[in-house]
1. Taking 0.36 nm per intervening residue step and subtracting the Cα-Cα distance, what contour gain separates residue 104 from residue 87 on full extension?
2. Taking 0.36 nm per residue of separation and subtracting the Cα-Cα distance, what length does fully extending residue 186 through residue 125 add?
3. Using 0.36 nm per residue of separation minus the Cα-Cα distance, give me the extension gain between residue 151 and residue 34 in nm, one decimal.
4. Within a 10 angstrom radius of the beta carbon, how do 105, 76, 84 rank from fewest other beta carbons to most?
5. Between residue 60 and residue 96, what FRET efficiency comes out of the Förster formula 1/(1 + (r/R0)^6) with R0 = 45 Å and r the beta carbon distance, rounded to 0.05?
6. Grab every C-alpha pair in the range 25-176, bin the distances at 10 angstrom width from 0 up to the longest one, and report whole percents.
7. Rank the residues 83, 164 as a footprinting-exposure proxy: fewest other Cβ atoms within 10 Å of their Cβ go first.
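Taken together, the values in this text are just the output of simple stated rules run on the coordinates, not laboratory data. Please read these numbers as outputs of a predicted model, since none were measured by experiment. Heads up, the Cβs are rebuilt from the backbone with ideal geometry, glycines too, and the neighbour counts pull from every protein chain shown.
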């Protein structure tokens, strides 16, 4: 009993520490990339291409750019609050919820009007790309503690972009384990009938 308690306590401590390490950023960092992730003036950028590459390398097959859409982008030009018809499309704030006033912020909160699966934090000439899950999230926390200038100083965020992916409607295959379980149950039923006779 003491061994089990010790193992459970150790596991709790390790998991608590692991959660605390990345508590300031929602999602999982999937990479650091150069250049622009998305330019709303002409739709250029490498964000969608890098998301497609990530999905195809992690169990999804046949994903193309057409499955990825840009939900919105909060940046200096729109005072960090993009709206359409009075509805928030994308917003970035300081940690306390107050408005961002400069591009020097290195952490805060994000909010999108539609659930996103990925987001990019642009700082300097590079951007960080995060994955937040298949079901997506409407809001979360961000922190830019990786990208630095040539003097080693952390860069502030210049914009945050939210991305969504929509998979095609395809039938979900029944896993082999379900077929194996089903055939085992049928076999048990027949065995039981024979024993009763």
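1. Values: separation 17, 0.36 × 17 = 6.12 nm, distance 2.62 nm.
Taking residue 104 through residue 87 to full extension adds about 3.5 nm, to one decimal.
2. 15.8 nm is the gain from fully extending residue 186 to residue 125.
3. Values: separation 117, 0.36 × 117 = 42.12 nm, distance 1.78 nm.
Answer, rounded to one decimal: 40.3 nm.
4. 84, 76, 105
5. It comes to 0.75.
6. For the range 25-176, the pair-distance distribution reads 11, 42, 33, 11, 3, 0.
7. Numbers: 83 14, 164 17.
Going from sparsest to densest Cβ surroundings: 83, 164.
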